[in-house]
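Everything on this sheet refers to the single structure shown next.
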Amino acid sequence: MRVVTVSGAGESGKTTLIREMVAHAGAAAKRSAVIVNEEGLIFYDDDFVKAHGLTVEYIRGG
Amino acid sequence: MGCSLASGLVDLIKKIKRNVDPDLLFIEPSEMVVTRELKDVTAMGLRDIRYGAGPFITLVDGPQFPFLWSERRALLLGQVKDADLVAVSRMDLIESHDLETINGLLQDHCGPLIPLSAQNGDGMGEVMKRID
């Protein structure tokens with residue numbers, strides 16, 4: 001397992017980039033997981049999670 | 001980042017490693033977290049479990065840059081400093097001279113900037129190479 005972090009301001013495209021990387025990794029038969037430290041929003045919809053066998057965990061605080 | 005969040009993150013990393021052990025674990029931190037804190041958290045987890053750490057990627061929002069530079073400069077610099085890769089995101093929404101301005105202001109604080117746009121795919125290949 002390798003940990004990759006994506007920092008930046010809100011709306012800077014962190015979720016978009018991670019989704020792209022998850023899809024890219026999936027195309028190479030690599031499994032991904034995500035830890036999200038943002039509150040109040042669902043960033044990874046069920047269809048995306050199922051399609052990529054993605055594990056998603058949310059953690060509060062900042 | 002507070003102590004409880006840091007220890008919670010370490011616990012989650014270890015839990016995912018033990019229960020799932022994916023090839024890649026992406027962490028999407030709060031916008032208030034700086035790169036040094038993320039490096040410290042991942043280093044803490046390495047005390048009793050083995051995994052790779054990095055790259056630590058920072059996105060500098062192109063359209064928001066003037067606001068970030070004037071109002072949140074310390075936070076912005078804390079995110080680009082120590083990052084393995086810094087990309088200017090949403091490039092399709094700014095002009096090329098804006099990128100030159102961002103480059104000029106950040107060049108003393110980080111490595112070369114990667115212009116990135118999910119809209120037209122610019123820079124995506126460069127970022128993907130870093131996780132392969």
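General observations
- Members of the stretch B:57-90 found to be over 16 Å from the mean Cα position of the chain (by Cα) and more than 10 Å from every other protein chain (Cβ to nearest Cβ), listed by number: B:PRO66, B:TRP69, B:SER70, B:GLU71
- One residue from A:GLY13, A:GLY26 being more than 16 Å from B:GLY54 (Cα to Cα) and crowded, with 18+ Cβ neighbours inside 10 Å: A:GLY13
- Single residue of B:ASP98, B:ASP108 found to be surrounded by fewer than 19 Cβ atoms within 10 Å (Cβ to Cβ), of a type outside the set (Gly, Ala, Ser), in contact (Cβ under 8 Å) with a residue 12 or more places away in the chain and more than 9 Å from every other protein chain (Cβ to nearest Cβ): B:ASP98
- Subset of the stretch B:6-24 (residues that are part of a helix (DSSP H, G or I), at the interface with another protein chain (Cβ under 7 Å from one of its Cβ atoms) and touching a residue at least 24 places away in the same chain (Cβ under 8 Å)): B:LEU9, B:ILE13, B:LYS17
- Matching entry among B:ALA6, B:ALA74 (being assigned by TED's automatic domain parsing to the domain that holds B:ARG130 and of a type in the set (A, V, I, L, M, F, W, C)): B:ALA74
The values are calculated or read from the model by the stated rules, or taken from the named source; none is laboratory data. Since the model is a prediction, treat every value here as computed from it, not as a measurement. All Cβ positions, even for glycine, are placed from backbone atoms using ideal geometry, and neighbour counts span all protein chains on display.
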